[in-house]
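This report refers to the structure that appears directly beneath it.
The values are calculated or read from the model by the stated rules, or taken from the named source; none is laboratory data. Bear in mind the structure is a predicted one, so any value in this text is a computation, not a measurement. Cβ atoms come from the backbone with ideal geometry, glycine included; neighbour counts cover every protein chain shown.
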Amino acid sequence: MKALESEVPDAHFTVDKQNVSLWPQEPPRKTGPCLGLGRCLTVRAAVVLLTLLLVASVLLQAILYPWFMGTISDIKTSAQLLQGRVDNVSTLRSEIKRNSGGVEAAGVQVQMVNASLDHVHSQIRRLETSVKEADARLQMLTSRWEEVAKLNAQIPELKRDLDKASALNAKVRELQSGLGNISKMLKQQNDILQMISRGWKYFRGNFYYFSLIKKTWYSAQQFCLSRDSHLTSVTSESEQEFLYKMTGGLTYWIGLTKAGSEGEWYWVDDTPFDKVQSTRFWIPGEPNNAENNEHCANIKKSSLQSWNDVSCDNALLFICKRPYVPSEP
Ligand code: 2F8
Ligand code: CA
């Protein structure tokens, strides 16, 4: 090896535009031939090859480096984009995880909303049914309303008819009342006529019976009682006048007595005896209770002053009196 180093000087090379030259430390003399032909070729070939390799390397570097660097840059960019997307995916995943609970809750709420919607839907159907029914009823009411409107239109005429009917009804009631009164009067007249046909006289609400036979005062009262009456009382001047005019001058028992009392006059039909008002009906000087035995009174004269007291045992004509009580219809 040392021998070779000593024999071969350090190689230097230059590259110009057309040639690649390889020479020792001291450029060889061009005039000197290679020491050995084979070795020289080999060296030259090696030099050429190395040169070519170097050139190729330089060219490759010159060409491929930008491409390579661009590719790396693209790869970096892609990697950065990918990293960004991975980050986005991670963010999205965490958000999805975070929102999964919300999604589940939202799902439950959606189910609830769906249930509510079903309920609302069924209610809407029911409402639709109700609306249809209401519509049918409304139509029915409308038709009835029209009927009512027609009837309302007839109201004025009906009111006039009603007024006429009311007036007629009032007249009918008036006539009925009149008829009732007439019927009542006819009934009363019939009652009076029946009593008159049996010999009774009628005067201002009372019937009077003027006997045809004579009796003692007590027997006469018993007879009157058997005819739902009493010996007559006299309570007014008109009644007194009626009675004395009917006697025709004959003497009749009346229902005035003091028998059984302590000297006080009383009416046998329980009418209160007005001593003062009755004074005008006595014959002047009467009652004198002649022989201390005159305890019953009669109508002796045909005048306002017609009463006389006599013994109750005398037999005289007598007058019965019965109040007229209209019978029920
Ligand atoms: O003068 C009055 C007197 O007249 C009669 O008696 C005489 C009467 N008696 C009879 O009628 C029975 C009395 O009563 C009367 O007071
Ligand atoms: Ca007398």
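Out of all the residues in the range 187-218, which are part of a helix (DSSP H, G or I) and loosely packed, with under 15 Cβ neighbours inside 10 Å?
If we filter the range 187-218 for residues that are part of a helix (DSSP H, G or I), which is where we start, we get 187-197, 217-218.
Answer for the range 187-218, where residues must be part of a helix (DSSP H, G or I) and loosely packed, with under 15 Cβ neighbours inside 10 Å: 187, 188, 189, 190, 193, 194, 196, 197.
Among the residues of the range 225-232, is any out of contact with any Cys (no Cβ under 9 Å at 6 or more places or on another chain), exposed (fewer than 10 other Cβ atoms within 10 Å of the Cβ) and not assigned by TED's automatic domain parsing to the domain that holds residue 294?
Looking through the range 225-232, none of the residues is out of contact with any Cys (no Cβ under 9 Å at 6 or more places or on another chain), exposed (fewer than 10 other Cβ atoms within 10 Å of the Cβ) and not assigned by TED's automatic domain parsing to the domain that holds residue 294.
Please work out if residue 242 is among the hydrophobic types (A, V, I, L, M, F, W, C), in a loop (DSSP other than H, G, I, E, B) and in the same structural domain as residue 211 (by TED's automatic domain parsing). So that I can check it myself, show each step before the final result.
On the way: among the hydrophobic types (A, V, I, L, M, F, W, C): yes; in a loop (DSSP other than H, G, I, E, B): no; in the same structural domain as residue 211 (by TED's automatic domain parsing): yes.
Here the answer is no, as residue 242 does not meet what is asked.
Residue 271 - would you say it is more than 16 Å from ligand 2 (Cβ to nearest atom) and either surrounded by fewer than 17 Cβ atoms within 10 Å (Cβ to Cβ) or without any contact (Cβ under 8 Å) to a residue 60 or more places away in the chain (or both)? Working first, answer last.
Numbers: more than 16 Å from ligand 2 (Cβ to nearest atom): yes; either surrounded by fewer than 17 Cβ atoms within 10 Å (Cβ to Cβ) or without any contact (Cβ under 8 Å) to a residue 60 or more places away in the chain (or both): yes.
Spelling it out, residue 271 is indeed more than 16 Å from ligand 2 (Cβ to nearest atom) and either surrounded by fewer than 17 Cβ atoms within 10 Å (Cβ to Cβ) or without any contact (Cβ under 8 Å) to a residue 60 or more places away in the chain (or both).
Pull out all pairs, ordered by first then second residue, where Cβ-Cβ is under 9 Å, the residues are six or more apart or on different chains, the first lies in the range 180-192 and is farther than 12 Å from residue 329 by Cβ, and the second is not polar (S, T, N, Q).
192/200; 192/202; 192/207; 192/324
Can you find even one residue in the range 251-264 that is more than 16 Å from ligand 2 (Cβ to nearest atom), in contact with a strand residue (DSSP E or B) (Cβ under 7 Å, 6 or more places away or on another chain), not in a helix (DSSP H, G or I) and not aromatic (Phe, Trp, Tyr)? First the steps, then the outcome.
Let us first name the residues in the range 251-264 that are more than 16 Å from ligand 2 (Cβ to nearest atom), namely 255, 260-262, 264.
Those still in the list that are in contact with a strand residue (DSSP E or B) (Cβ under 7 Å, 6 or more places away or on another chain) too: 255.
Going one step further and asking which of them are not in a helix (DSSP H, G or I), we end up with 255.
Adding the requirement that they be not aromatic (Phe, Trp, Tyr) leaves 255.
Yes: one or more hits.
Among the residues of the range 244-254, are any surrounded by fewer than 11 Cβ atoms within 10 Å (Cβ to Cβ), away from ligand 1 (no atom under 16 Å from the Cβ) and under 60 Å from the mean Cα position of the chain (by Cα)?
no
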